[in-house]
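Notes follow once the structure below has been shown.
The values are calculated or read from the model by the stated rules, or taken from the named source; none is laboratory data. Values in this document were obtained by computation on a predicted structure and should not be read as measured data. A quick note on method: Cβ atoms are made from the backbone with ideal geometry, for glycine too, and the neighbour counts reach across all protein chains shown.
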Amino acid sequence: MNPIDDQLNRLFRAARKPDAGEFVAPFGLETRAMAAWRAGRLETGSWDMGVLARGLVVAILIMGASMWPVLHKTTTDPLSEYLQASDTTLASDETP
Amino acid sequence: MTDAEVAECLARGRDGDEKAILELFHYMYPHVAKLVQANLPAKESAEDLIQKVCIKVMSHLDQFSGKVPFLHWVSRIAVNTCLNQIRHEKRRPEVRLADLSEEEANVIEHLTTAPTDLDASEQMAANELVDKLLNGLKPADRLLIKLMYLDGHNVQEIASLTGWSRTLIKVRAFRARAHLRKHYLLLMKETP
């Protein structure tokens with residue numbers, strides 16, 4: 001074995017921590033964890049802001065789509081009215 | 001806790017049964033504590049990190065598919081949480097002899113001059129020296145070396161704990177070991 005690898009292996013062997021034995025949850029940790037879990041459940045049970053925001057976007061889109069023909073008509077109307085008026089004028093001029 | 005009892009607790013926990021959640025907490029706590037303490041990032045409180053992992057598990061029980069044992073799933077959450085914390089830490093490129101304490105320098109001297117194992121009294125210095133050497137590695141490589149050489153897990157066990165493939169583990173271990181060798185050689189060259 002490479003002497004460097006051998007030295008590293010011996011170093012790792014020495015650095016191994018002995019088994020800490022039985023782990024017991026410290027006082028208060030259980031209570032804090034349960035409180036955080038309860039708070040998380042309450043949050044998911046109440047209004048979801050993401051759904052609310054998506055609903056708002058959909059509502060705006062529907063409003064925009066329904067208003068589009070009206071707005072479109074208003075912006076094109078002056079020109080079409082002008083042309084219609086010209087046609088009428090011409091037609092009236094040619095009237096014997 | 002048997003597998004059937006865990007499954008029953010999980011089902012009740014998903015329905016919001018507090019008693020079941022509490023049972024799961026006590027069941028997973030030793031496992032989480034052991035993993036977090038072995039891979040604890042510097043400047044991080046073990047208790048805070050254990051709490052963070054336990055809350056993550058308890059709040060996402062519905063995401064547990066049951067394809068792997070419950071404790072393996074918990075391990076992966078614990079390992080990933082530790083990794084995320086370690087990622088925030090700065091990586092030190094290399095350790096210089098001047099960074100070592102007298103005891104740590106003695107450990108190097110012992111390793112280079114005598115073929116024997118280190119004494120028990122040198123364990124703390126060896127631990128600190130390993131930590132300093134590992135600080136130069138990428139977070140995932142550091143975690144892997146700790147699991148493999150300090151906790152004594154084999155490739156299969158690490159795959160279960162982390163969710164990484166066996167090939168990835170072998171490649172990472174090889175790369176990490178090469179980095180460690182390079183850092184250690186640099187230290188040795190500086191030793192008078």
- Number of the exception - A:Thr44 against (1) exposed (fewer than 11 other Cβ atoms within 10 Å of the Cβ); (2) modelled with pLDDT of 85 or more: (2)
- Task: Among the residues of the range B:166-192, write down those that are touching a helix residue (DSSP H, G or I) at 6+ places or on another chain (Cβ under 7 Å) and away from every other protein chain (no Cβ under 14 Å).
- Result: B:Arg166, B:Ile169, B:Lys170, B:Arg172, B:Arg175, B:Glu190
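Before we move on, is B:Gln37 closer than 30 Å to A:Asp6 by Cα and in the same structural domain as B:Arg12 (by TED's automatic domain parsing)?
yes
Taking the range B:161-186 as the region of interest, how many residues are of a type in the set (S, T, N, Q) and touching a residue at least 12 places away in the same chain (Cβ under 8 Å)? Steps first, please.
To start, the set of residues in the range B:161-186 that are of a type in the set (S, T, N, Q) comprises B:162, B:165, B:167.
Subset that is touching a residue at least 12 places away in the same chain (Cβ under 8 Å): B:162.
Here the count works out to 1.
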- Query: Counting just the residues of the range B:1-38 that are more than 12 Å from B:Leu71 (Cα to Cα) and acidic (Asp, Glu), which one comes out nearest to the other protein chains (Cβ to nearest Cβ)?
  - Reply: B:Glu18
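Taking the condition free of Cβ contacts under 8 Å to residues at least 12 places away in the same chain and closer than 30 Å to B:Leu24 by Cα, does B:Ser121 pass? Can you show your working first?
On the way: free of Cβ contacts under 8 Å to residues at least 12 places away in the same chain: yes; closer than 30 Å to B:Leu24 by Cα: no.
Criteria not met by B:Ser121.
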- Pairs, first more than 7 Å from every other protein chain (Cβ to nearest Cβ) in the range A:1-12, second exposed (fewer than 12 other Cβ atoms within 10 Å of the Cβ), C-beta under 9 Å, six or more apart: A:Asp6/B:Pro115; A:Asn9/A:Met1
- Item | Lone unmet requirement of (1) within 14 Å of another protein chain (Cβ to nearest Cβ); (2) loosely packed, with under 14 Cβ neighbours inside 10 Å for B:Arg142 | (2)
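Pick from the range A:24-40 the residues that are among the aliphatic types (A, V, I, L, M) and more than 7 Å from every other protein chain (Cβ to nearest Cβ): which of them is nearest to B:Ala33 (Cα to Cα)?
Taking the range A:24-40 as the starting set, the residues that turn out to be among the aliphatic types (A, V, I, L, M) are A:24-25, A:29, A:33-36, A:39.
Right, trim to more than 7 Å from every other protein chain (Cβ to nearest Cβ) and you get A:24, A:35, A:39.
On the way: A:Val24: 9, A:Ala35: 19, A:Ala39: 23 Å.
Residue satisfying both the conditions and the ranking: A:Val24.
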- Item | Filter result (out of contact with any Phe, Trp or Tyr (no Cβ under 8 Å at 6 or more places or on another chain) and of a type outside the set (Gly, Ala, Ser)) within the range B:6-17 | B:Glu8, B:Arg12, B:Arg14, B:Asp15, B:Asp17
- Note on the structure: Screening A:Ala85, A:Ala14 for residues that are aliphatic (A, V, I, L, M) and either at pLDDT 85 or above or under 30 Å from B:Asn127 (Cβ atoms) (or both) leaves only A:Ala14
- Please find, within the range B:39-67, the residue that is surrounded by the fewest Cβ atoms within 10 Å (Cβ to Cβ) out of those that are away from every other protein chain (no Cβ under 11 Å), in contact (Cβ under 8 Å) with a residue 12 or more places away in the chain and out of contact with any Phe, Trp or Tyr (no Cβ under 6 Å at 6 or more places or on another chain). B:Lys43
- Only one of B:Gly152, B:Gly136 that is part of a loop (DSSP other than H, G, I, E, B) and over 17 Å from B:Met188 (Cα atoms): B:Gly152
- Considering (1) touching a Gly at 6+ places or on another chain (Cβ under 8 Å); (2) more than 14 Å from chain A (Cβ to nearest Cβ); (3) of a type in the set (Val, Ile, Thr), say which one B:Ile86 fails and leave the rest. (1)
